[in-house]
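Every number here is computed from the coordinates shown, using simple stated rules; none is lab data. Note that this is a predicted model, so its numbers are computed, not measured. Cβ placement follows ideal geometry from the backbone for every residue including glycine, while neighbour counts extend to all protein chains displayed.
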Amino acid sequence: MLRSSHSGPHVPDVIVLATRNRGKIKEIRQVLQGMPIAVESLDEYPHVPEPEETGETFAENAAQKAMYYARATGKWCLADDSGLVVDALGGRPGVHSARYAAADAPPGSGREVIDAANNAKLLKALDNVADAQRTARFVCCLALSDGMQVMLETCDSVEGVIARQPSGQGGFGYDPLFHIPTLGKTTAELPPEQKNSLSHRGKALRKFQAMLHEFIASRSTGL
């Protein structure tokens, strides 16, 4: 969705990715490479604290984070909010995917430890759920803000099922458990290029890339 008027500021040379998640940063940079805009991450802004995420949907959280970090850094920000929606769990972990089992991990744990705790909690929650009812989807919503408004936003998803045990060394988060039946593999078993071609984030990023191209063109022509 394009929300901006064309009378605002010119498109900047730099966009900040509103995340410190190295897996997300790597995937986003891979898809957006070739764009005429440099991509920074929050690693360049260690003094900026994380905001409280109060949205009830991925789209709301993405918009909130984009606005917050754009104001905090003084630069345009692209925010991602994504997660896993499991049908048998009523949509959980949903917007709480990254923090699903945070209480089970030692204080100050890194992303890998928290990911492992999240996966363990998910498997326990689905222990007695039949294979046919283990359907799930990854959802990704993106929002671009200049700190005054959200100018571009889009969402996409990918369908799969939750495996009974982790498999694969690639990816991050719930990738070792997210099985794609048509491929017979989890997203953690896919090479990066293949994963990005079909993942929720890859699909949303390609939509965003096309929207950003149109946005840049409209600004340069003054339409």
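Assorted remarks:
- Each Lys and Arg Cβ is given +1 and each Asp and Glu Cβ -1; about its Cα centre, the chain then shows a dipole of about 240 debye.
- Relative to the longest principal axis of the Cα atoms of the chain, the long axis of helix 111-125 lies at roughly 50 degrees.
- Against the chain, whose longest principal axis is taken from its Cα atoms, helix 58-73 shows a tilt of about 50°.
- Sorting T54, T154 from the fewest to the most surrounding beta carbons within 10 angstrom yields T54, T154.
- For the range 37-53, putting each phi into the Karplus relation 6.51 cos²θ - 1.76 cosθ + 1.60 with θ = phi - 60° gives couplings of 9, 6, 10, 9, 10, 5, 4, 7, 10, x, 7, 7, x, 6, x, 7, 8 Hz, in residue order, rounded to whole numbers and with x for Gly and Pro.
- Other residues lying with their Cβ under 14 Å from the Cβ of I216 contribute a combined charge of -2, Lys and Arg counting +1, Asp and Glu -1.
- Remark on the chain: C77, C140 stand apart, with no other cysteine beta carbon under 4.7 Å.
- In the chain, the sites counted are GluC sites (Glu not before Pro) in DSSP loop states with at most 15 other Cβ atoms within 10 Å, and the longest stretch holding none of them, exclusive of the sites, is 57-223.
- To the nearest ten degrees, helix 22-32 and the longest principal axis of the Cα atoms of the chain are 50 degrees apart.
- Fraction of antiparallel bridges per DSSP, the range 14-221 only, in percent to nearest 5: 80 percent
- Toward the positive end of the charge dipole of the range 14-221, with +1 on the Cβ of Lys and Arg and -1 on the Cβ of Asp and Glu, the farthest Cα among L78, P51, F178 is that of F178.
- Between the labelled values (i) 49, 39, 34; (ii) 58, 38, 28; (iii) 57, 43, 31, the entry that holds Cα extents along the principal axes in Å as derived from this structure is (ii).
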